[in-house]
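A.B. asks: I have a structure here, written as structure tokens, and I will follow up with some questions on it.
The values are calculated or read from the model by the stated rules, or taken from the named source; none is laboratory data. The shown structure was predicted, so the numbers you read here are calculated from the model rather than taken from an experiment. Methodologically, a virtual Cβ is constructed for each residue, glycine included, from the backbone with ideal geometry; neighbour enumeration extends over all protein chains shown.
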Amino acid sequence: MKRKLKIGIFKLSSCDGCQTVLMDLPSLWDLCEIAYWLLGTDTKDPPRVEIAFVEGSVSTPEEEEFLKKVREKAEVLVSIGACATSGGIQALRNFMTEEDYLRIYPEPEHLRILSRSLPAGEVVPVDYEIYGCPINPKLFENFVVSYLYNKKPRIPDHPLCMECKLRGNICVMDAYGIPCLGPVVRAGCGALCPAVGRGCYGCFGPCRNPNLKSLTDWFEHLGVSREEIVGMFRNENAYAPEFRRLLEEGLEGGQNKPADAG
Ligand code: SF4
Ligand code: SF4
């Protein structure tokens, strides 16, 4: 390897799952000089780096300010994981009224939060996005190596079904009538869930041009209720534009709006 890449791994609102996955990647230490990583360094201020990898959604004013600083000091900024690329589970509150979601806190007046939980790309310019909940460390490694060799990184945007077929899985929807989001979700996980006989539940977010109408019609044909179908899309990628539209407009453009949509 000709040189090491100077990187920072930054965290916003998240469960730490994506950055924890990176600990399983021994090559990370050979490929990169890690200038910032709260899990392994005690640096507080974001240093100047070639690539800033950002995990988590922007949920508080402090995170918004911190992310802007990170952006200023990074040549390239990469969002990693569903929280940073589409707002994560935290963004489910974006479909509710403030009154609804604040009622779970005994003293909500102490909270300092933004009115919505946002993907990083809605706050600062983002150069690349690596998807998943959590991300696939192999795709992360491919990104770093590709960057070092001036190659285009492999960031799949085709449907999971292709990956599933290539793996030789039996189609759980076709064979057993189990609803599966694979036809509208991007590949990248290795089709893990269908490989163990369950349907995909959407960790990697919408694929390119997902045909949601066709899939939701098929789910209805399988006997899945409309309420259950809406529930399937209320996942960690619910706030990704394609899924968000379906949740806000309903299955037939405005009908079947989720009960708590704001
Ligand atoms: S994308 Fe998933 S695994 Fe990664 S930080 Fe968010 S919730 Fe955790
Ligand atoms: S199991 Fe799901 S992901 Fe696999 S081919 Fe069938 S619909 Fe597609």
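A.B. asks: Output the helices (runs of 4 or more DSSP H) that fall wholly within the stretch 1-111 and possess 2 or more residues being among the basic types (Lys, Arg), or say none.
C.D. replies: In the stretch 1-111, 61-73 are the helices (runs of 4 or more DSSP H) which contain 2 or more residues that are among the basic types (Lys, Arg).
A.B. asks: Could you give every pair whose Cβ atoms fall below 7 Å, whose first residue belongs to the stretch 128-151 and is in the same structural domain as Cys83 (by TED's automatic domain parsing) and under 14 Å from Val54 (Cα atoms), and whose second residue is among the β-branched types (Val, Ile, Thr) and part of a helix (DSSP H, G or I), counting only separations of at least 6 or pairs across chains?
C.D. replies: Glu129/Thr85; Tyr131/Thr85; Pro134/Val21; Ile135/Val21
A.B. asks: Filter the stretch 64-114 down to the residues that are of a type in the set (Phe, Trp, Tyr) and over 25 Å from Tyr131 (Cβ atoms), then identify the one that is farthest from ligand 1 (Cβ to nearest atom).
C.D. replies: Tyr105
A.B. asks: Pairs under 7 Å by beta carbon, first residue buried (at least 24 other Cβ atoms within 10 Å of the Cβ) in the stretch 169-191, partner among the β-branched types (Val, Ile, Thr), six or more apart or different chains?
C.D. replies: Cys180/Val172
A.B. asks: If the requirement is being more than 9 Å from ligand 2 (Cβ to nearest atom) and within 21 Å of Cys83 (Cβ to Cβ), which of these qualifies: Cys200, Cys207?
C.D. replies: Cys207
A.B. asks: Could you tell me how many of the residues in the stretch 22-61 are under 24 Å from Ala240 (Cα atoms) and loosely packed, with under 13 Cβ neighbours inside 10 Å?
C.D. replies: Residues meeting the conditions: 1.
A.B. asks: When only residues in the stretch 235-257 that are under 24 Å from the mean Cα position of the chain (by Cα) and surrounded by fewer than 19 Cβ atoms within 10 Å (Cβ to Cβ) count, which is modelled with the lowest pLDDT?
C.D. replies: Going through the qualifying residues, I end up with Lys257.
A.B. asks: Here's something else I'd like to know. Where residues in the stretch 188-238 are aromatic (Phe, Trp, Tyr) and part of a helix (DSSP H, G or I), which of them is nearest to ligand 1 (Cβ to nearest atom)?
C.D. replies: For the stretch 188-238, the residue satisfying everything is Phe233.
A.B. asks: Sticking with this structure for a sec: Give me the residue from the stretch 192-222 that is over 23 Å from Arg245 (Cβ atoms) and free of Cβ contacts under 8 Å to residues at least 24 places away in the same chain and, out of that set, surrounded by the fewest Cβ atoms within 10 Å (Cβ to Cβ).
C.D. replies: Val196
Listed here are the residues, each with its yes/no results for (1) free of Cβ contacts under 8 Å to residues at least 12 places away in the same chain; (2) within 16 Å of ligand 1 (Cβ to nearest atom).
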residue	(1), (2)
Lys2	no, no
Leu5	no, no
Leu12	no, yes
Gln19	no, yes
Met23	no, yes
Pro26	yes, no
Trp29	yes, no
Ala35	no, no
Gly40	yes, no
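A.B. asks: Inside the stretch 1-40, can you point out the residues that are among the β-branched types (Val, Ile, Thr) and under 19 Å from the mean Cα position of the chain (by Cα)?
C.D. replies: Within the stretch 1-40, Ile9, Thr20, Val21 qualify.
A.B. asks: Could you list, in sequence order, the residues of the stretch 168-187 that are assigned to a helix (DSSP H, G or I), more than 17 Å from the chain's Cα centre (by Cα) and within 8 Å of ligand 2 (Cβ to nearest atom)?
C.D. replies: Matches in the stretch 168-187: Val172, Met173, Asp174, Pro183.
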